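Single-structure report; data block below.
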Amino acid sequence: LVFLFLSFDTFSQNVKKALKLYEKGDSVKVREVLKKMDEKDDNNPGKDFIYSILYLNNFNDRSLLDSSFLYIKESRKNFSSIDDKVSLELKELNINLSRIDSVEDVIDSLEYLFVKEENTIASFIKYMEDHTDSKYLINAQKNWHTLEFSVVRAINTWQAYKKYMDTFPRSLEYPVAKKLYERLI
């Protein structure tokens with residue numbers, strides 16, 4: 001019992017230490033503390049939250065942004081299974097679901113900017129799969145449909161328009177696709 005208490009106390013001190021080092025801007029030492037926490041294989045949402053904001057510092061690097069997103073999702077998942085003591089400690093550090101949501105919103109916004117700039121069918125589809133609760137989901141879907149329609153328009157056959165109408169019956173381009181389909185038939 002004493003061993004569990006000491007290891008838990010050490011872990012919570014590591015979360016506090018990592019957050020303080022992050023706030024000081026010492027990312028090298030933050031990584032060292034987080035690595036030690038990883039070796040203990042604890043599923044504390046505080047650790048995942050710190051990883052997420054650490055990777056978010058380099059938001060221009062898409063792979064690091066993806067890592068940040070994975071960690072914030074893990075933080076949210078682990079948050080629901082913490083005990084009262086961890087909950088109090090996280091509250092003391094101002095790591096809560098509201099703050100997790102805020103970080104997730106920032107990541108979502110940045111990711112959507114990357115996807116819009118990339119402007120490919122595959123990137124919009126992947127974005128919609130990964131960010132199912134995004135406020136940009138409808139816009140991503142519209143952009144995806146528009147790109148699909150531009151491909152169909154380049155093909156310009158009645159078969160292509162028919163397939164588009166069958167696949168995207170609620171798209172904004174549906175009326176135009178129907179008109180072009182009927183004209184070719």
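Under a crude label model (7 Å from the Cα following the beta-carbon direction), how far is Lys163 from Lys85 in nanometres?
My value for the distance between the label points is 6.1 nm.
What number, in percent, do you get for the relative contact order of the stretch 5-139 if the mean sequence gap of Cα pairs under 8 Å and at least 6 apart is divided by its residue count?
Relative contact order here is 19 percent.
With the full set of protein chains in place, find how many percent of the accessible area of the chain is carbon and sulfur; take the probe as 1.4 Å.
Values: 6170 of 11510 Å².
C and S atoms contribute 54 percent here.
Just the projected area, averaged over all directions, of the convex hull on the alpha carbon atoms of the stretch 45-108: how many nm²? Please list the in-between numbers first.
Values: hull surface 14.9 nm².
Averaged projected area of the stretch 45-108's Cα convex hull equals 3.7 nm².
Taking a temperature of 10 °C and a viscosity of 1.306 mPa s, what whole-number D in µm²/s does Stokes-Einstein yield for the chain with Rh from Kirkwood over alpha carbon pairs? Working shown, then result.
Details: Rh = 19.2 Å.
Stokes-Einstein gives a translational diffusion coefficient of 83 µm²/s.
Where in the stretch 157-181 does the label zone of Ile125 land, with the point 7 angstrom along Cα→C-beta and an amide N cut-off under 15 Å?
Only 164, 167-168 pass the distance filter.
Which value, in Å², gives the accessible area per residue of the chain when a 1.4 Å probe is used on the protein heavy atoms?
Working: 11510 Å² over 185 residues.
Roughly 62 Å² per residue, with all protein chains present.
How far apart, in nanometres, would the label points at Asn156 and Lys20 be if each is projected 7 angstrom from Cα along the Cα-to-Cβ direction?
Here the answer is 6.9 nm between the modelled labels.
By average Cβ neighbour count within 10 Å, what is the ranking of 86-92, 49-55 from highest down? Let's see the in-between values first.
Details: 86-92: 15.7, 49-55: 23.3.
Highest to lowest by the protection proxy: 49-55, 86-92.
The values are calculated or read from the model by the stated rules, or taken from the named source; none is laboratory data. Keep in mind that this is a model prediction, so the values were computed, not measured. With ideal geometry, Cβ positions are generated from the backbone for all residues, glycine too; neighbour counts draw on all protein chains shown. Heavy atoms of the whole protein, side chains included, go into the accessibility calculation; ligands, DNA and RNA do not. Shrake-Rupley method; radii C 1.70, N 1.55, O 1.52, S 1.80 Å.
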